[in-house]
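**Q** Take a look at the following structure, please.
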Amino acid sequence: AAGSRSAAAAAAPRGKQVLTVVLTGGPCGGKTSALDSLRSSLGERGVRVFTVPEVPSIVINAGAAYPGLESPALFPFERSMINAQMALEQALLDIASAHDGPTAVVMDRGVLDIAAYLPPEVWSAVLSDAGVREED
């Protein structure tokens, strides 16, 4: 995402509304079950559902190791997580908004969930570097 525009807050092109839902919560909090339920329920109502996976899980499952809170690699790791999460969110919002008919984008966690795993000063620095604010 460019500038100070958060992907979760991004608007669809004029005239097209995309229902946007962010599922948040700790591990084993029911996010996957809620996602499956939303996908099924909305699909039965004719809504095309696009789902945005959680980027940190993708990256860790791809072989990257979490650097740890005291590591100098923490900042670049988290900056990469936020940039990738926002880009993926924006891509699916763009795709959903271009789709004919009603659409929804359901995010399995989102950018703000990353904050729960960081010291506040690191979170603030990562947001500043990305050019976004929590309010965005």
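The values are calculated or read from the model by the stated rules, or taken from the named source; none is laboratory data. If you're wondering where the values come from, they're calculated on a predicted model, not measured in any experiment. A quick note on method: Cβ atoms are made from the backbone with ideal geometry, for glycine too, and the neighbour counts reach across all protein chains shown. For accessibility, only protein heavy atoms count, side chains too; no ligands or nucleic acids. Shrake-Rupley method; radii C 1.70, N 1.55, O 1.52, S 1.80 Å.
**Q** Restricting to DSSP loop positions (anything but H, G, I, E, B) with no more than 10 other Cβ atoms inside 10 Å of their own Cβ, which GluC sites (Glu not before Pro) remain in the stretch 72-136?
**A** GLU135
**Q** Residue by residue through the stretch 96-109, what is 3J(HN,Hα) from phi via Karplus (6.51 cos²θ - 1.76 cosθ + 1.60, θ = phi - 60°)? Round to whole Hz and write x for glycine and proline.
**A** Couplings: 4, 6, 8, 7, 5, x, x, 9, 9, 10, 10, 9, 7, 6 Hz.
**Q** Taking 7 Å along the Cα-to-C-beta vector as the label spot, tell me the ALA34-ASP100 distance in nanometres, rounded to one decimal.
**A** Simple spin-label model gives 3.4 nm for this pair.
**Q** In the chain, if the dipole is taken from +1 on Lys/Arg beta carbons and -1 on Asp/Glu beta carbons about the Cα centre, which of SER71, VAL111, SER97 is farthest to the positive end?
**A** Projecting each Cα onto the dipole axis, the largest value belongs to SER97.
**Q** Take the solvent-accessible surface of the protein heavy atoms, probe 1.4 Å, and return the percent of it on the chain that carbon and sulfur atoms account for.
**A** 56 percent
**Q** Moving on to the next point. Using only the Cα atoms, work out Rg/Rh for the chain, with Rh taken as the Kirkwood radius, to two decimals.
**A** 0.99
**Q** For MET107, what residues show an amide H to amide H distance below 5 Å, using hydrogens built from the backbone and excluding near sequence neighbours?
**A** Placed amide hydrogens put VAL21, VAL22, LEU23, VAL52 under 5 Å from MET107.
**Q** Given the rule -39500 (n - 2.57) for each run of at least 4 DSSP H residues, summed and divided by the residues of the chain, what is its mean residue ellipticity at 222 nm, to the nearest 500 deg cm²/dmol?
**A** Dividing the helical sum by the residues of the chain leaves -14000 deg cm²/dmol.
**Q** How large is the charge dipole for the chain, taken about the Cα centre, if only the Cβ atoms of Lys, Arg (+1) and Asp, Glu (-1) carry charge, to the nearest 20 debye?
**A** Computed about the Cα centre, the dipole is about 440 debye.
**Q** On to the next question. Given labels modelled 7 Å from the Cα in the Cβ direction, how far is it in nm from ASN61 to ARG48?
**A** 2.4 nm
**Q** Taking the Cα atoms only, what angle lies between the long axis of helix 31-44 and the longest principal axis of the chain, rounded to 10 degrees?
**A** The angle comes out at about 20 degrees.
**Q** Return a whole-number percent for the relative contact order of the stretch 26-131, with Cα pairs under 8 Å and 6 or more residues apart as the contact set.
**A** Worked out over the stretch 26-131, it gives 38 percent.
**Q** Quick one: which residues, 5 or more positions from ARG48 or on another chain, have an amide H under 5 Å from its amide H? H modelled 1.01 Å from N in the peptide plane, none for Pro or chain starts.
**A** THR103, ALA104
**Q** Another question, if that's okay. If amide hydrogens are placed 1.01 Å from N in the peptide plane, which non-local residues have theirs closer than 5 Å to the one on VAL18?
**A** Excluding prolines and chain starts, which carry no amide H, the hits are ALA12.
**Q** Something else now. Counting other Cβ atoms within 10 Å, which trypsin sites (Lys or Arg not before Pro) in the stretch 45-136 have at most 11 and lie in a DSSP loop?
**A** Sparse-neighbourhood loop trypsin sites (Lys or Arg not before Pro): ARG45, ARG133.
**Q** Follow-up question, since we're still on this one. State, to one decimal in nm, how far the label point of TYR117 lies from the label point of SER80, with both points 7 Å from Cα in the Cβ direction.
**A** With each label placed 7 Å out from Cα toward Cβ, I get 1.3 nm.
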